[in-house]
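Read the structure below first, then the notes.
Values in this text are rule-based calculations from the coordinates and carry no lab data. This structure is a prediction, so every number in the text was calculated from the model and none was measured. Cβ placement follows ideal geometry from the backbone for every residue including glycine, while neighbour counts extend to all protein chains displayed.
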Amino acid sequence: MTDPAGVTEPSVTILDVGHGLCVLLTSEAEVTLIDTGAGSTVLDQLRSLSRTTVRRVLISHADRDHVGALLTLLSDDSFEVQEIWLNSDAFKESALWAALIYEIDDVERAADTQVQFGVRERQGFSTGPFDVEILAPRLRLAGLGAGSRDTDGRRLETNSLSVVARVHAHGSPLALLPGDIDEVGLAHLLDQTPAPDLYAPILVFPHHGGHVSRASNASANADFASRFVSLVRPTTVIFSIGRGQHGTPRKEIIDAIRNTVPGINILCTQLSMLCSSAPVGAGNVAHLLQAASRGRHVRAWCAGTIIIDHHEGSWRVRPSRAFHQAFIAANASTALCTGQLSTTS
Amino acid sequence: MLTIDSATISTVGVIDDNPEARQSYEWTLQDANVETIGEAGPLGELQEFVGRAVNRLDAVLCDHHLRIRNYSTFDGAQLAAALYEASIPAVLCTRWEDAHLDLIRPYRDRVPALIQWEDLDPDTFVDALALTIREIKGEFSEQRRTWRTQVHIADVGVDEQNEFFYVDLPGWTSDKVIRLRKADLGAELANQLKVDARWHARVNIGTEDAWELYFRDWEPR
């Protein structure tokens, strides 16, 4: 028995790009990308969908794992990108930023692509049945820029300025995509009266479940995670991770989420080394969807590419919980999402 | 006999200058249910050898480092690429993949599969053969398909012989620097190399491994 396979429309696809993020909003009329990951996974996915035109690319922030593949999307003649939304960030990775700006300049001058610098709260767009609401960064953060300090003396990192996008489907919140937002970015997001409602049934957890606090300690990470899911109130939390990279998702973050929302559905795109150090058996693919997945070639998958589609009047997450849990039971002897909870969280 | 994607593989040529290594390869391949022909050498000229292989061999397994004891006038990567052009699937199996990476990489557009010597077994051989057969038919895996992407010239001619240039790929998953031979660009393009220039080329950026990368269709700017 296999989970229903492939991409249906409309859908939200969290592509397994390894450590990084790429989300496709796909409708019959158009495809919009929120981040692109790096490498070729998004190109392979678009190719398999026979989509050569990308209506819009929204970049959360200018880290390679979120923006790298945009360079190739713009370079390769197979694709047309009609619109790019991004914030300037010459701070964190100047070489990558220069590479991207040169490529964007080329396509913009050829009048193929419209470029919007300055993405911030209260902007948004519609694509198919989806409305994308930009909740962050605030104008003051976008204006100060990465590398500067806020009035409380806190240094603004690239992650602090992450675009936070909430995807509504048919008028209701569906998914929150907070990029790599950290505690400083979140503090600025919430620093208004009334504080914005972040509710979404599906949350793609920030920074792949890595350090989200400046203190970079377990307690601060757990506090952030607990607070974040309390604000978003999701029923499903997704981690877009690369197996063996950066030790994600961190155990204290998973434990804090499970303690805050008991019974919550947690999926990682790839199998964390913390859940099993043994390679995934080649035959354990019953739950994987027919979609590009970077972990598939190197036997690194957990949920693999995740698709949220509209089925019988409601939105469902695939692979389904039952299929995913069956995979976990067979392959992840120390699974963070189902194993013993830490008593300190 | 093997059937892979409707291609029948009965006879596999085994090419290595070392008779003991050749014999060892033959035993391994026989476990994959194919007949083997060990090529004792000398192999003669490249195109002559390819011409002789066309009606005699369904596939080839060869080492890279063949220019020893007059065994061959060409390298294994050169041979595998020429066989690929003649639609004969060839798998490179070598322990020279690191030492001779600069010499092997220019042929990787036509050498889909490189097995490290210690990894050769019947299963890895059949997998490599299948990859090669599919590619000859025009079906590329995600790790082998090329995309036009930006190539940043990180440095040029810092070695004594002024033989190499160095690139990184901003669109790839890693910021590793890759060393390439200027000679493989041709003189006209090599003369245009400048540090920090941003060229384009078609590169298989779906691969995870730097040693699997190959480049073609260079476009300077």
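Below, the figures for the structure above:
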{"read-out": "Interchain or long-range residues, amide H under 5 Å from B:H200's placed H", "value": "B:V151, B:E219"}
{"read-out": "Computed helical MRE - 222 nm, the protein assembly as shown, DSSP H runs ≥ 4 contributing -39500 (n - 2.57), nearest 500", "value": "-7500 deg cm²/dmol"}
{"read-out": "For A:V204, distant residues with modelled amide H under 5 Å away", "value": "A:L176, A:I238"}
{"read-out": "Under the Karplus curve 6.51 cos²θ - 1.76 cosθ + 1.60, θ = phi - 60°, whole-Hz ³J(HN,Hα) for the stretch B:162-174, x wherever Gly or Pro sits", "value": "6, 9, 10, 10, 10, 10, 10, 10, x, x, 7, 7, 10"}
{"read-out": "Per-residue average of Cβ from other chains inside 10 Å of A:74-87", "value": "2"}
{"read-out": "Efficiency of FRET between A:A286 and B:F140 - r from beta-carbon atoms, R0 41 angstrom, step 0.05", "value": "0.95"}
{"read-out": "Isotropically averaged projected area of the stretch B:147-219, using the convex hull of Cα atoms (one quarter of hull area), nm²", "value": "4.4 nm²"}
{"read-out": "Average partner coverage of B:149-158, which counts Cβ from other chains inside 10 Å", "value": "3"}
{"read-out": "The stretch A:183-307 - Debye-derived log10 I(q)/I(0), Cα point model, q = 0.09, 0.12, 0.14 Å⁻¹", "value": "-0.28, -0.48, -0.64"}
{"read-out": "Table column - 3J(HN,Hα) (Hz), the stretch A:202-217, Karplus curve with 6.51, -1.76, 1.60, x for Gly and Pro", "value": "10, 10, 8, 5, x, 6, 6, x, x, 4, 10, 10, 5, 5, 6, 10"}
{"read-out": "In the protein assembly as shown, lysine pairs closer than 28 Å at Cα, eight or more apart or cross-chain", "value": "5"}
{"read-out": "Using distinct alpha-carbon pairs, which all enter the 1/r mean, Kirkwood radius of chain B in Å", "value": "18.2 Å"}
{"read-out": "Reduced Cα scattering model of the protein assembly as shown, Debye log10 I(q)/I(0), q = 0.07, 0.09 Å⁻¹", "value": "-0.46, -0.74"}
{"read-out": "Size-normalised alpha-carbon gyration radius of the stretch A:11-331, reference 2.2 N^0.38 Å", "value": "0.94"}
{"read-out": "Cβ-based exposure ranking for A:L190, A:L161, in which fewest neighbours within 10 Å come first", "value": "A:L190, A:L161"}
{"read-out": "Over chain A, relative contact order from alpha-carbon pairs under 8 Å, at least 6 apart, %", "value": "17 percent"}
{"read-out": "Sorted by Cβ neighbour density within 10 Å, fewest at the top, the residues A:I202, A:I257, B:I88", "value": "B:I88, A:I202, A:I257"}
{"read-out": "Backbone HN-Hα couplings from phi across the stretch B:47-59 [Karplus 6.51/-1.76/1.60, Hz, Gly and Pro as x]", "value": "5, 4, 4, 4, x, 5, 6, 3, 9, 10, 10, 8, 7"}
{"read-out": "Amide H contacts of A:L58 (H built 1.01 Å from N, under 5 Å, at least 5 apart or other chain)", "value": "A:L33, A:I34, A:D35, A:W85"}
{"read-out": "Translational diffusion coefficient (Stokes-Einstein; Kirkwood radius from C-alpha pairs) of the stretch A:261-345 at 10 °C, 1.306 mPa s, in µm²/s", "value": "116 µm²/s"}
